[in-house]
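Heads up, the thing below is written out as structure tokens.
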Amino acid sequence: MNELAGKHIVLGLSGGIACYKAAELCRALVKAGATVQVVMTEAAEQFMTAVTMQALSGRPVFTSQWDARTSGGADNNMPHINLSREADAIVVAPASADFMAKLVHGRADELLSLMCLARPIESVPLILAPAMNREMWSHPATQRNIEQLRADGTTVLDVGAGEQACGETGDGRMLEPD
Ligand SMILES: Cc1cc2nc3c(=O)[nH]c(=O)nc-3n(C[C@H](O)[C@H](O)[C@H](O)COP(=O)(O)O)c2cc1C
């Protein structure tokens, strides 16, 4: 039995080279029978276009908390509430170092972090797939943030090791989409 069939996943992208893997992940989720609503930070749009993510998910992408389009069937100008209420899970892939630091502090100055904070915490799990340079990954601030996120009930996935876009080799690569 495919666990993903019929599930509604909000897929968040924050800024990092691994946004290209989010495109693959989106495709795989749709192929597995899930519906996918993509939400992107401003930085993520530097790495991947909303046009591509819309084409892969088959749904308009949300990038702004001020987006007045109807979302989740509601016409109240609150995508952060509507998008998270209808989700079976929120998956942020890639999760940047910066984005995780924001979550630790409950910051909410753009749609993706606002939606994570506003989600019904008991019923909508938050899953993060970190991706970053090895120095950023091993920095005490990042490791401290991950520990805190896990203590707050967030699932923080592991990272892979290997060649990085910056030319270095080490831990910090986003896990492969499958
Ligand atoms: C070329 C380039 C690549 C980057 N790659 C990463 C990355 O892989 N992981 C990461 O955490 N930050 C990376 N950054 C930094 C983030 O884009 C930056 O911290 C940004 O503020 C993240 O914003 P967001 O968390 O709102 O998406 C990169 C920046 C540049 C210019």
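What order, most packed first, do the peptides 123-133, 72-82 have when packing is the mean number of other Cβ atoms within 10 Å of each residue?
The packing order, highest mean first, is 123-133, 72-82.
Suppose every Lys and Arg Cβ carries +1 and every Asp and Glu Cβ carries -1, with no other charges. What dipole size does the range 36-110 come out with about its Cα centre, to the nearest 20 debye?
Once rounded to the nearest 20, the dipole reads 100 debye.
Rounded, prolate or oblate: pick one for the range 1-52, where a ≥ b ≥ c are the square roots of the eigenvalues of its C-alpha gyration tensor, a/c under 1.5 means rounded, and failing that, prolate if a/b is larger than b/c, else oblate.
Since a/c reaches 1.5 and a/b is larger than b/c, the shape of the range 1-52 is classed as prolate.
If the cut-off is 28 Å between C-alpha atoms, which lysines fall inside it for K31, apart from same-chain ones fewer than 8 positions away?
Cα-Cα hits under 28 Å: K7, K21.
Modelled label-to-label distance, L157 and E3, 7 Å Cα→beta-carbon offset: nm?
Using points 7 Å along Cα→Cβ, the separation is 1.2 nm.
Can you tell me how the chain classifies by the Cα gyration tensor, rounded, prolate or oblate, using a/c under 1.5 as the rounded cut?
Prolate shape, in that a/c is at least 1.5 and a/b is the bigger ratio.
Fewest Cβ neighbours within 10 Å first, please rank C26, C166 accordingly.
C166, C26
Identify, among I9, G170, A43, the residue whose Cα sits farthest towards the positive end of the charge dipole of the range 8-173, taking +1 on the Cβ of Lys and Arg and -1 on the Cβ of Asp and Glu, with the dipole about the Cα centre.
Of the options given, the answer is I9.
Order of D88, D178 from fewest to most other C-beta atoms within 10 Å?
So the residues, fewest neighbours to most, are D178, D88.
What's the center-to-center distance, using Cα atoms, between the range 36-59 and the range 63-121 in Å?
After rounding, the separation between the Cα centres reads 14 Å.
Going by the alpha-carbon gyration tensor, a ≥ b ≥ c the square roots of its eigenvalues, is the range 1-88 rounded (a/c under 1.5) or, if a/c is not under 1.5, prolate (a/b greater than b/c) versus oblate?
oblate
To the nearest 20 debye, what is the magnitude of the charge dipole of the range 8-173 about its Cα centre, counting +1 on the Cβ of each Lys and Arg and -1 on the Cβ of each Asp and Glu?
Magnitude of the dipole: close to 280 debye.
Below 8 Å, C-alpha to C-alpha, sequence gap of six or more: please give me the relative contact order for the range 69-138 in percent.
Relative contact order of the range 69-138: 37 percent.
Please identify every one of the chymotrypsin sites (Phe, Trp or Tyr not before Pro) in the range 33-124 that sits in a loop by DSSP and has no more than 12 other beta carbons within 10 Å of its own beta carbon.
Passing sites in the range 33-124 are W66.
Given the Cα-Cα distance of D88 and D109 and 0.36 nm per residue of separation, how much length would full extension add, in nm?
Taking D88 through D109 to full extension adds about 5.2 nm, to one decimal.
Bear in mind these aren't lab numbers, they're just calculated from the coordinates by the rules spelled out. The structure presented is a predicted model; accordingly, all values stated were derived computationally and were not measured. FYI the Cβ positions are ideal-geometry reconstructions off the backbone, even for glycines, and counts take in every protein chain you see.
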